[in-house]
Amino acid sequence: MPYWLHTLIIVLVIYIAISIALYYLQDYMLFKPEKLPKDFQFNYENQDFEEHNLETRDGAVINGILFKPKGKPKGIVLYLKGNSKSIKGWGKFAVDFTRHDYNVLMVDYRGFGKSTGRRSQKAIKRDLQEVYNKIKERTTEDRIILYGRSLGSGFAAKLASMNNPKMLILDAPYYSLTKVTARYAPFMPLSVLIKYPLPTYKWLKYVQCPIHIIHGTNDTLIPFKTSIKLSKVNPKLTKLHSVIGGGHKNLNTFESYHKMIHNILNQKPLDIDLSTTSIHVKHSSKPTKTKV
């Protein structure tokens, strides 16, 4: 056997082995769950909350916490968290919305916290739609805000595309999870291998409510340019908010982030008479000659 052929076979075998490993191990690389015992007692100082469980049609249990504001609720924020830990830790971020008099519902995906069931992209999407349906039983959609953080941004975009919430807020979103993983495995056939493609950009096309994208300019995991690209998918409904100097996990430490949340939640529609503006004025492409 020629040396070059022998080398090619070895490289091919290694490539196939890595592909197989990537396919079966991607759940462990993508999800970093914190599992909690069934009798675990949540404890949040100075927050009014109640625990809920939703049994899905395939027998899984989705665990969630409803945080309540001190004042009369203006609506509810369905907060879809990132890929790590459980709502035990994520619950501390509910104050960013309860302080504006919004209820906040946080749920753990399958295999996180107290939630059970076999995890898949299809199953998680179905679970979250069931959660959304339960919310609709208690309030109208014009009072529902979807907030997706990192991993949760894709699922939030999907929910918004299938329903009619008041608004969609994406925090450090990705164009698609396939694009994110391609940065670390550029030579792998990810379109075939990845089980969680989560094409946020495809779903955003069908969203009909206001879309707010928040992203840190120094995010090294999901670059800021990702949100610039996403903002162009549905531009008429999208507003991009940049947190100057913000990374992927520290936006809550920036005063500008909290001002953005305040403005987004409390904004009043601005009705502009465009006929009185310069919107139709175009710059001349050719310089005009000055007569002497």
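With every protein chain present, what is the per residue accessible area of region 30-120 (1.4 Å probe, Å²)? The partial results should precede the final answer.
Numbers: 4550 Å² over 91 residues.
Spelled out: the 1.4 Å probe surface of region 30-120, per residue, equals 50 Å².
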Residues whose built amide H sits under 5 Å from the amide H of Lys239, excluding neighbours closer than 5 in sequence, are Ile211, His212, Ile213
Taking H as built 1.01 Å from N, whose amide H comes closer than 5 Å to the amide H of Met167, not counting residues under 5 places away? Leu146
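Could you check how much of the accessible area of region 193-234 is carbon and sulfur, as a whole percent, using a 1.4 Å probe? Walk me through the numbers before you get to the answer.
On the way: 1020 of 1850 Å².
Answer for region 193-234: carbon and sulfur cover 55 percent of the accessible area.
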Quick check for you: with a 1.4 Å probe and neighbouring chains kept, what is the accessible area per residue of region 194-267, in Å²? 51 Å²
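Quick check on my link table: of Lys236/Lys282; Lys136/Lys229; Lys114/Lys232; Lys85/Lys158, which ones sit more than 30 Å apart, alpha carbon to alpha carbon? Could you put the intermediate results ahead of the total?
On the way: Lys236/Lys282 20 Å; Lys136/Lys229 32 Å; Lys114/Lys232 38 Å; Lys85/Lys158 22 Å.
Check vs 30 Å cut-off fails for Lys136/Lys229; Lys114/Lys232.
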Once amide H atoms are placed 1.01 Å from N in the peptide plane, what residues at a sequence separation of 5 or more from Gly75, or on another chain, have their amide H within under 5 Å of its amide H? Asn103
Please turn the phi angles of region 69-77 into ³J(HN,Hα) values with the Karplus equation 6.51 cos²θ - 1.76 cosθ + 1.60 (θ = phi - 60°), one per residue in order, whole Hz, x for glycine and proline. x, 6, x, 5, x, 7, x, 9, 9
In whole Hz and in residue order, list the ³J(HN,Hα) couplings for region 35-51 that follow from phi through the Karplus curve 6.51 cos²θ - 1.76 cosθ + 1.60, θ = phi - 60°; x for Gly and Pro. 8, 10, x, 4, 8, 5, 9, 6, 9, 10, 5, 6, 10, 8, 8, 9, 8
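The values are calculated or read from the model by the stated rules, or taken from the named source; none is laboratory data. Not measured: the values here are computed from a predicted model. Ligands, DNA and RNA are excluded from the accessible area calculation, which covers all protein heavy atoms including side chains. Shrake-Rupley method; radii C 1.70, N 1.55, O 1.52, S 1.80 Å.
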